Amino acid sequence: MPDPGKPRKDLTRWKKKKQPVHRTVSQICPPPRRPLTVVDIRPGMENERLGVVRDSMFQNPLIVKAELGKPRERSCSLPGVNFNYGLYIRGLDGGVPEAIGHWNVFKQQPTCPHELTRNYIAMNRGAVKAGLVTARENMLYRELNDIRINDQEDRRQKEPPPIPPNMTFGIRSRPSTPFFDLLQHRYQQLWVQEQKATQQAIKMEKKQKVILGKLYETRSSQLRKYKPPVKLDALWHMPHFKKVAPHLATFPTEADRQRALQAHKEEHAVRQGTLRMGNYTHP
């Protein structure tokens with residue numbers, strides 16, 4: 001026997017289910033944020049100011065600061081809840097009933113007669129034959145002799161040229177990359193063959209070249225190559241310093257000094273420094 005104090009499971013499913021709550025747009029979306037005013041400012045806020053405070057101070061985006069945890073105020077007041085954003089298009093066609101009951105048929109406009117093109121070639125030819133060469137004479141001749149091109153010739157000139165049926169339009173596609181030639185080093189082999197052929201052609205040309213005899217130089221060719229020697233004058237010194245001896249002599253004799261200079265010149269290439277008097281570059 002089931003316990004009468006406990007509800008049965010089969011009876012709970014017959015209970016009424018809760019109806020879904022329908023919310024309006026104003027309840028789902030928060031109301032539009034309005035600009036800050038003096039009343040909204042509380043102690044400790046970022047926009048709290050000392051002295052005279054006006055509502056216009058909180059409508060300047062350069063002055064208003066962002067509150068902690070809130071987006072920055074743009075100081076722009078939004079319209080009311082009943083305002084519709086976007087462009088309202090007013091229907092002028094009457095909707096579906098008018099479209100079904102009164103169908104507006106497009107009336108074809110009367111076409112004007114086609115004006116034939118003037119044949120300037122024939123008119124210029126006739127003016128030249130008549131002996132008219134000036135611009136005014138040509139204009140008067142065209143007014144008196146207005147020659148036109150007939151419809152067939154005009155249509156033939158305006159129609160595009162016939163296109164062959166097998167013609168392909170557009171840019172030709174690039175040929176595929178020859179991967180097999182790249183993997184087999186085909187281009188290297190062709191280059192080697194071209195180099196061998198070039199060298200063989202140079203050798204054959206050298207064999208066929210006529211060996212000329214020895215060329216003797218004449219007096220004019222020797223004079224052309226001759227360079228007269230230039231005598232270098234000694235550096236100029238002041239007269240009263242010519243007989244003055246050096247104050248410091250570190251070498252015992254002049255021969256020792258020359259030997260030291262010669263050794264310095266020989267080691268000039270392997271020493272470091274601007275004057276080449278430093279350590280050796282190679283140990």
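Points to keep in mind about this one:
- Look at (1) out of contact with any strand residue (DSSP E or B) (no Cβ under 9 Å at 6 or more places or on another chain); (2) open to solvent by 100 Å² or more (accessible area, probe 1.4 Å); (3) within 30 Å of Gln152 (Cβ to Cβ); (4) at pLDDT 70 or above and you find that Glu115 fails only one, number (1).
- Residue within segment 158-177 that is surrounded by 10 or more Cβ atoms within 10 Å (Cβ to Cβ) and more than 30 Å from Leu116 (Cβ to Cβ) present: no
- Restricting segment 200-256 to residues that are among the hydroxyl-bearing types (Ser, Thr, Tyr) and assigned to a helix (DSSP H, G or I), the residue that is surrounded by the fewest Cβ atoms within 10 Å (Cβ to Cβ): Ser220
- Odd one out for Leu140 among (1) at pLDDT below 75; (2) open to solvent by less than 100 Å² (accessible area, probe 1.4 Å): (1)
- Qualifying residue in segment 59-68 (condition: more than 44 Å from the chain's Cα centre (by Cα), part of a loop (DSSP other than H, G, I, E, B), modelled with pLDDT of 80 or more and of a type outside the set (A, V, I, L, M, F, W, C)): no
The values are calculated or read from the model by the stated rules, or taken from the named source; none is laboratory data. Just so it is clear, the structure is predicted and the values come from calculations on it, not from any experiment. Every residue, glycine as well, gets a Cβ built from its backbone with ideal geometry; the counts of neighbours run over all protein chains shown. For accessibility, only protein heavy atoms count, side chains too; no ligands or nucleic acids. Shrake-Rupley method; radii C 1.70, N 1.55, O 1.52, S 1.80 Å.
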